[in-house]
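Take a look at the structure below.
The values are calculated or read from the model by the stated rules, or taken from the named source; none is laboratory data. Only a predicted model underlies this, so the values are computations on that prediction, with no experimental measurement involved. Counting neighbours? That spans all protein chains shown, and the Cβs are built from the backbone with ideal geometry, glycine included.
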């Protein structure tokens with residue numbers, strides 16, 4: 001019997017099936033390898049963040065040991081500064097790289113940028129950036145060293161702190177804190193004595209206001225005596241290339257007009273009118289506030305000048321584009337009572353954090369009688385030894401011709417700090433004030449917390465101000 005060879009018909013099908021199976025297997029293996037690699041990279045990314053945090057903590061410890069070393073113990077060599085990150089057995093498992101931006105004269109805050117990665121995945125990096133320094137006084141919308149009363153026509157959008165008692169009859173959307181457990185409520189807060197002449201005792205924060213769950217009292221006080229207002233440093237800085245120094249003058253002071261092109265025009269005030277105004281502390285006062293004559297002294301760019309120091313009274317107005325602080329102080333300190341006058345609107349070109357104004361007075365900051373009906377102030381205000389006030393311009397026996405006592409609205413954006421009690425309304429016992437603003441809105445500028453105006457004072461020890469992760473290249 002002869003066997004004939006038959007053409008195979010099943011082999012191609014087997015080859016196709018086997019090839020498909022191999023492709024599927026390799027595809028699955030490839031997907032699994034990608035998944036494992038992704039998982040490992042995710043673990044490496046998390047570990048890189050931990051390593052970056054270790055770099056931050058290391059330099060925080062370094063500054064606690066040597067507060068003036070911003071070059072990582074190298075004696076001045078430029079960064080970045082790279083360190084190994086070791087496991088408990090002492091083996092290097094990664095690295096972190098540090099970039100240290102030291103404080104400047106105008107802003108005593110250290111910026112630390114730490115980039116971390118593992119040795120296994122050196123291209124997977126995480127980057128952290130922190131600001132570390134003394135907290136600026138501008139962390140509050142309203143900071144006082146005395147008793148204060150917010151009427152029912154006042155809305156406060158931001159944190160409030162006082163070393164005195166607080167009567168809160170207005171509207172608040174953030175915390176209201178007092179260092180007083182209890183205090184004696186006097187005439188300054190609308191309280192009356194009983195038949196024996198004794199004024200009532202109130203909780204540190206009390207009143208008819210809303211959101212009393214945000215109120216607290218008996219908290220740690222802020223030591224105003226420890227607040228560093230270094231007028232010597234400010235005056236020296238103003239005499240350098242980045243400042244404007246306006247020296248003592250036999251005239252009434254200086255008028256600063258800010259423009260939205262980023263400039264400030266300076267005028268020397270040679271004539272003023274006196275207007276009568278009443279305050280609770282000093283009674284009827286003759287206030288030299290209305291400018292009648294002035295002489296141009298120059299126009300400057302805020303891109304080049306971030307501090308203006310005047311040894312006299314100062315008037316400010318206009319639109320601020322840039323960052324600048326204005327200081328009014330007279331040497332020898334305490335020999336005079338310079339005033340910063342705000343008689344017109346002073347605002348920012350934009351409220352995006354790129355524009356900052358600091359107004360620092362050795363004594364008082366005063367709102368003029370003839371402010372606009374809708375009065376606006378943007379900035380951080382500090383009355384170091386005085387108060388921020390608008391006087392009573394309709395008080396019996398203390399009026400000037402043409403008195404204009406009541407305005408529609410006061411809108412503030414920034415931070416207001418005062419040693420003595422600040423106020424701009426006087427109660428009439430009815431719906432509208434006897435003098436002042438029908439409505440007041442105090443809005444906090446949150447960018448001031450970590451980025452105050454140049455040379456603005458701070459208090460307390462060094463601590464973290466901000467902590468952010470930024471995109472790594």
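Quick one: which residue in 173, 182, 201, 236 is free of Cβ contacts under 8 Å to residues at least 60 places away in the same chain and in the same structural domain as residue 420 (by TED's automatic domain parsing)?
The unique qualifying residue is 236.
Matching residues to (1) in the same structural domain as residue 79 (by TED's automatic domain parsing); (2) at positive phi; (3) modelled with pLDDT under 75; (4) surrounded by fewer than 10 Cβ atoms within 10 Å (Cβ to Cβ):
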{"site": "2", "(1), (2), (3), (4)": "no, no, yes, yes"}
{"site": "9", "(1), (2), (3), (4)": "no, no, yes, yes"}
{"site": "12", "(1), (2), (3), (4)": "no, no, yes, yes"}
{"site": "21", "(1), (2), (3), (4)": "no, no, yes, no"}
{"site": "28", "(1), (2), (3), (4)": "no, no, yes, no"}
{"site": "33", "(1), (2), (3), (4)": "no, no, yes, no"}
{"site": "36", "(1), (2), (3), (4)": "no, no, yes, no"}
{"site": "49", "(1), (2), (3), (4)": "yes, no, no, no"}
{"site": "54", "(1), (2), (3), (4)": "yes, no, no, no"}
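Listed here are the residues, each with its yes/no results for (1) outside any loop (DSSP other than H, G, I, E, B); (2) modelled with pLDDT under 95; (3) closer than 21 Å to residue 418 by Cβ; (4) not assigned by TED's automatic domain parsing to the domain that holds residue 106.
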position: 315; (1), (2), (3), (4): yes, no, yes, yes
position: 326; (1), (2), (3), (4): yes, no, yes, yes
position: 332; (1), (2), (3), (4): no, yes, no, yes
position: 336; (1), (2), (3), (4): no, yes, yes, yes
position: 341; (1), (2), (3), (4): yes, no, yes, yes
position: 345; (1), (2), (3), (4): yes, no, yes, yes
position: 353; (1), (2), (3), (4): no, yes, no, yes
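Applying the selection to region 264-301, what residues are buried (at least 21 other Cβ atoms within 10 Å of the Cβ) and in a loop (DSSP other than H, G, I, E, B)?
none
Just give me the residues in region 100-124 being over 22 Å from residue 46 (Cβ atoms) and either in the same structural domain as residue 241 (by TED's automatic domain parsing) or in contact (Cβ under 8 Å) with a residue 12 or more places away in the chain (or both), in sequence order. Working first, answer last.
From region 100-124, those over 22 Å from residue 46 (Cβ atoms) are 100-111; that's our starting set.
The answer is 100, 101, 102, 103, 105, 106, 107, 108, 109, 110, 111.
Can you name every residue in region 123-156 that is within 14 Å of the chain's Cα centre (by Cα) and under 24 Å from residue 438 (Cβ atoms)?
Passing the criteria: 141, 142.
In region 187-206, which residues are more than 33 Å from the chain's Cα centre (by Cα) and exposed (fewer than 11 other Cβ atoms within 10 Å of the Cβ)?
Within region 187-206, 192, 194, 195, 196, 197, 198 meet the criteria.
Which of the residues spanning region 178-206 are outside any loop (DSSP other than H, G, I, E, B) and more than 22 Å from residue 152 (Cβ to Cβ)?
The answer is 182, 184, 201.
Going by what's in this entry, would residue 127 be described as crowded, with 20+ Cβ neighbours inside 10 Å and under 30 Å from residue 61 (Cα atoms)?
So residue 127 passes the test.
Select from region 348-368 the residues that are surrounded by fewer than 22 Cβ atoms within 10 Å (Cβ to Cβ) and free of Cβ contacts under 8 Å to residues at least 40 places away in the same chain and write down the one among them that is nearest to residue 107 (Cα to Cα).
The residue in question is 354.
Among the residues of region 80-107, which ones are surrounded by 14 or more Cβ atoms within 10 Å (Cβ to Cβ) and either over 15 Å from residue 60 (Cα atoms) or over 30 Å from the mean Cα position of the chain (by Cα) (or both)?
If the condition is that a residue be surrounded by 14 or more Cβ atoms within 10 Å (Cβ to Cβ) and either over 15 Å from residue 60 (Cα atoms) or over 30 Å from the mean Cα position of the chain (by Cα) (or both), then 81, 83, 85, 93, 94, 95, 96, 105, 106, 107 are the ones that fit.
Yes/no matrix, rows are residues, columns are (1) over 20 Å from the mean Cα position of the chain (by Cα); (2) under 19 Å from residue 188 (Cβ atoms); (3) free of Cβ contacts under 8 Å to residues at least 24 places away in the same chain:
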{"site": "390", "(1), (2), (3)": "yes, yes, no"}
{"site": "402", "(1), (2), (3)": "yes, no, yes"}
{"site": "405", "(1), (2), (3)": "yes, no, no"}
{"site": "409", "(1), (2), (3)": "yes, no, no"}
{"site": "414", "(1), (2), (3)": "no, no, no"}
{"site": "417", "(1), (2), (3)": "no, yes, no"}
{"site": "422", "(1), (2), (3)": "no, yes, no"}
{"site": "429", "(1), (2), (3)": "yes, yes, yes"}
{"site": "432", "(1), (2), (3)": "yes, no, no"}
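Every residue in region 448-473 that is surrounded by 15 or more Cβ atoms within 10 Å (Cβ to Cβ) and either under 17 Å from residue 326 (Cβ atoms) or at pLDDT 90 or above (or both), please.
Across region 448-473, the qualifying residues are 448, 452, 453, 454, 455, 456, 457.
Might you let me know whether region 297-306 holds any residue that is touching a residue at least 60 places away in the same chain (Cβ under 8 Å), in contact with a strand residue (DSSP E or B) (Cβ under 8 Å, 6 or more places away or on another chain) and within 30 Å of residue 104 (Cα to Cα)?
Yes, region 297-306 contains a residue that is touching a residue at least 60 places away in the same chain (Cβ under 8 Å), in contact with a strand residue (DSSP E or B) (Cβ under 8 Å, 6 or more places away or on another chain) and within 30 Å of residue 104 (Cα to Cα).
Out of region 207-230, which residues are out of contact with any strand residue (DSSP E or B) (no Cβ under 6 Å at 6 or more places or on another chain) and either surrounded by 20 or more Cβ atoms within 10 Å (Cβ to Cβ) or in a loop (DSSP other than H, G, I, E, B) (or both)?
Within region 207-230, 208, 218, 220, 221, 222, 223, 228, 229, 230 meet the criteria.
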